[in-house]
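Here's the structure, in structure tokens; my notes come after.
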Amino acid sequence: MSKNPVSRRQFLGYTLTGIGGFMAAGMLMPMVRFAVDPVLQKKDGGDFIVTAQKVSELTNEPVRVDFSFEQVDGWYTSEVTNSAWVYKDGDTVIALSPVCKHLGCTVNWAGDSAHPEQFFCPCHLGRYEKNGKNVAGTPPLGPLDQYEVSEKDGFVMIGKTIANELV
């Protein structure tokens, strides 16, 4: 026998501590997995989406380019359609987000006859210059976002949204 026998009270304390530890681990493991799992998952392909717009057809006049991609939310997969205003500035292809920075409405190029060389938001009469910079005195407080742009086989490829670097 041992020199220090375990009393009933100590045995009960050890048992409850062990059971509590297993219960805590059982509750914490799903939370840890939820936080770590997205980091460990492999990403598909690249971040760029090929559009139907040919680079050779672009001018310095912005054109609306629609593109679609597959989005996965949990177990639900859906097809998402988005758009960008694309134009050429010299040899550089520029793609701007059509989402107004004021309340998220969609802006249009030359949507206001009084300002034909600007983007116009019809929701609150917001205006942006061609490079996406917000016009002072109108509701938007920031410039339009910009998309990363690439080219593949002569077609425009749209990437993720970045802060506007033209302003």
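The values are calculated or read from the model by the stated rules, or taken from the named source; none is laboratory data. Just so it is clear, the model here is predicted, and its values are computed rather than measured. Positions of Cβ are backbone-derived with ideal geometry, glycine not excepted, and every protein chain shown enters the neighbour counts.
The criterion of at least 2 residues that are hydroxyl-bearing (Ser, Thr, Tyr) is met, among strands (runs of 3 or more DSSP E) falling completely within the stretch 87-167, by 146-152.
Remark: pairs (first residue in the stretch 54-83, within 22 Å of residue 120 (Cβ to Cβ) and assigned by TED's automatic domain parsing to the domain that holds residue 119; second residue of a type outside the set (A, V, I, L, M) and not in a strand (DSSP E or B); Cβ separation under 8 Å; 6+ apart in sequence or on different chains) = 62/130; 64/98; 83/98. Taking the condition of being of a type in the set (Val, Ile, Thr) and crowded, with 18+ Cβ neighbours inside 10 Å, how many residues in the stretch 101-115 meet it? Count: 1.
Report whether or not residue 17 is within 30 Å of residue 123 (Cα to Cα) and hydroxyl-bearing (Ser, Thr, Tyr). No; evaluated as a whole, the condition is false for this residue.
This table checks each residue for (1) in a helix (DSSP H, G or I); (2) closer than 30 Å to residue 117 by Cβ.
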| position | (1), (2) |
| --- | --- |
| 17 | yes, no |
| 27 | yes, no |
| 33 | yes, no |
| 47 | no, no |
| 66 | no, yes |
| 71 | no, no |
| 77 | no, no |
| 80 | no, no |
| 84 | no, yes |
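The number of residues in the stretch 70-100 being over 18 Å from residue 166 (Cα atoms) and surrounded by 13 or more Cβ atoms within 10 Å (Cβ to Cβ) comes to 2.
Taking the stretch 116-154 as the range and being exposed (fewer than 13 other Cβ atoms within 10 Å of the Cβ) and under 21 Å from residue 89 (Cβ atoms) as the test, the residues that pass are 116, 117, 152, 154. For the stretch 39-47, the criterion of a residue being surrounded by 10 or more Cβ atoms within 10 Å (Cβ to Cβ), acidic (Asp, Glu) and over 16 Å from residue 147 (Cβ atoms) is satisfied by no position.
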